[in-house]
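Below: one structure, written as structure tokens.
Every number in this text was worked out from the coordinates using simple rules, so none of it is lab data. Small disclaimer: the values here were computed from a predicted structure and weren't measured. Cβ: placed from backbone, ideal geometry, glycine included. Neighbour counts: every protein chain shown.
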Amino acid sequence: MKTVINYDLLYFKKTSKFIVFGVLGIFLAGFSALTAKYFNVIIEYSLGQEGIDIVLPEPTVLESYTQFFSNFTQIYLFVILFIAVTFFIQDKTRGHYPLIFTKPILRSHYILSKSLVISLTLIVSYIVSALFFGYYSFVLFNEFDVGLYMIASLAFLVFCLVMIHAGLFFSVIFRSFLGAILLPIILFVLFGLMGPLDGGIFKYFPYQLMRYPLVLMAGEVETVTVLLTTIIGFLITLALLLGSIKLFQSKSLL
């Protein structure tokens, strides 16, 4: 297992993927807080240049939360998904399997290493970005709900893990990058379309984790509902991981 993890870490080191995760996250975190604070000022100034005098309401910290989770769902998630699928499928597309598995490496360890490295990279980079955002939001708005923000961030992280491990699962199935990345994207779109289905048991379905961080910060959903849905999402992540291992063990490496 250690050999495979070192192999995967070497890939991230050589391709600077760690830097992409961190820099993008910190940029979006700072951009979200600043946009929420000064967007109205920019609009007022722009309209004033056109002779239109208008006074927009003072922005609130809720707008900062909205900017943050919107940007991370629409930009950050897609970037890490593309990086993750590339990471998962590169050995297959480059024909490296015969070389890798001439060594005493278990197929289960190979998949577990991929999952562990990409998951920890995501979690660490997101925590750094979240702390950066929290600090600047507090400085700009003089308030910040740490408790709700932590729960909302946990829900977002689990949603990212679900999507990444869906990418892992499809990377085992398909032999091309296009097939492996297309299915998670289609899944993401379907999740968005299913958002209005939020009654009864549907409120616990993991696709709700797309919107729960935002509605939680707005006080429009119960915390216990978000936590239960987050737990279900984590269990689905584990199921996708185990399914990927089982499928990879049964497939030909040629």
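Here is the link list: K14/K37; K13/K103; K92/K246; K114/K203. Which ones come out longer than 28 Å on Cα distance?
K14/K37; K114/K203
Which helices of the chain meet both criteria: a Cα extent of 24 Å or more along the helical axis and a mean Kyte-Doolittle score no lower than 0.0, with helices taken as whole DSSP H segments?
17-49, 107-141, 146-173, 177-193, 223-250
How large is the charge dipole for the range 2-250, taken about the Cα centre, if only the Cβ atoms of Lys, Arg (+1) and Asp, Glu (-1) carry charge, to the nearest 20 debye?
Computed about the Cα centre, the dipole is about 1820 debye.
Charges on Cβ only, +1 for Lys and Arg, -1 for Asp and Glu, centred on the Cα centroid of the chain; of L197, I83, F156, which one is farthest towards the dipole's positive end?
I83
Contact order normalised by length for the chain, with contacts defined as Cα pairs under 8 Å and 6 or more residues apart; what percent is it?
Numbers: 277 pairs, mean separation 64.6, N = 254.
For the chain, the relative contact order is 25 percent.
First select every other residue whose beta carbon is under 15 angstrom from the beta carbon of T225; then total the charges, Lys and Arg +1, Asp and Glu -1.
Neighbourhood net charge equals -1.
Which residue fluctuates the most in the chain, going by a Gaussian network model with Cα springs under 10 Å, if the choices are K37, K14, K92?
The residue that fluctuates most here is K14.
For the chain, with the dipole built from +1 on Lys and Arg beta-carbon atoms and -1 on Asp and Glu ones, taken about the Cα centre, which of F174, G147, I232 lies farthest toward the positive end?
Final value for the positive-end residue is F174.
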